[in-house]
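Inspection log for the structure reproduced underneath, given as structure tokens.
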Amino acid sequence: VIRRVFEIYVDQAPVLMPVAAAVFVVSGILAEVLEAAGPGLALLALLIKLVATTLFTGMVVRLVADVQDGRRDSTPKQLLNEATPVLGKLIIVGLVAGIGAVIGLFLFIIPGLILITVWFVAAPVVVIERPDGLRALRRSRELVHGNGWRVFGVILVLFFAVLVVAQAI
């Protein structure tokens, strides 16, 4: 899984890099301007960063689904058009999953790790299947069922890979 994700990211860099630059440079500049304007606007800056990250996640999910169908024919504009309609649902599902995982981590750690694992594919479910309400969380659990340890292993590898890259940068 990790190898395939890396291959897709490298292969699709000509699409992902401009998309990431557009989303994160614009939102980053806007967030920095708001934070510099005053401490009262820091919450709005955080919200902008959350929306930008969620939008990019939706675009990446759409791109990977596009690649998985055997061809990559989506343009950055098409990826944006695909992710925008589910942006609100992605944010809500992400917030609910995040709050649940944090509560679980604070309580006993293990419940939080379990929630992180079973809800790991909730964002792709939202973008690809477009379920009603918070059904994405239940569908994620269904998809992970029987593969929990593998999914947890992928989460750990990705966590440490991001940690190493972040430290290097």
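Mind jotting down the distance between the C-alpha centroids of region 73-129 and region 29-43, whole Å?
Between the Cα centres of region 29-43 and region 73-129 lies a distance of 26 Å.
Run the accessible area of region 48-90 with a 1.4 Å probe and give the carbon-and-sulfur part as a rounded percent. If you can, show how the numbers build up before the last one.
Values: 1220 of 2150 Å².
Carbon and sulfur: 57 percent of the exposed surface of region 48-90.
If you compute log10 I(q)/I(0) by the Debye sum over Cα atoms at q = 0.10, 0.11, 0.14 Å⁻¹ for the structure shown, which of (1) -0.34, -0.42, -0.70; (2) -0.48, -0.56, -0.83; (3) -0.43, -0.52, -0.86 do you land on?
Answer label, from the structure shown: (3).
Any idea what the relative contact order of region 41-119 is, in percent, if you count C-alpha pairs under 8 Å spaced at least 6 apart?
Values: 51 pairs, mean separation 18.6, N = 79.
Worked out over region 41-119, it gives 24 percent.
Of the options I99, V121, P18, report the single residue whose Cα projects farthest towards the positive end of the charge dipole of region 1-128 (beta-carbon charges: Lys, Arg +1; Asp, Glu -1).
V121
Return the single residue from L87, L143, L156 with maximal mean-square fluctuation; model: Gaussian network over the chain, springs between Cα atoms under 10 Å.
For the chain, modelled as a Gaussian network with Cα springs under 10 Å, the answer is L156.
In a Gaussian network model over the chain where Cα atoms closer than 10 Å are linked, find which of A20, A123, A31 has the largest mean-square fluctuation.
A31
State the extension gain, in nm to one decimal, for the chain segment bounded by V162 and L107, taking 0.36 nm per residue of separation less the distance between their alpha-carbons.
17.2 nm
Could you work out which residue, out of L107, L79, L95, moves most in a Gaussian network model of the chain, that is, has the largest mean-square fluctuation with Cα springs under 10 Å?
L107
Find the accessible area per residue for the chain; the probe is 1.4 Å, ligands and nucleic acids are left out, and the unit is Å².
Values: 10640 Å² over 169 residues.
Per residue, the chain has 63 Å² of solvent-accessible surface.
The values are calculated or read from the model by the stated rules, or taken from the named source; none is laboratory data. Everything quoted here is computed from the prediction, not taken from an experiment. Backbone-built Cβ (ideal geometry, glycine too); neighbour counts: all protein chains shown. Just so you know, the surface numbers come from the protein's heavy atoms only, side chains and all, with ligands and any DNA or RNA stripped out. Shrake-Rupley method; radii C 1.70, N 1.55, O 1.52, S 1.80 Å.
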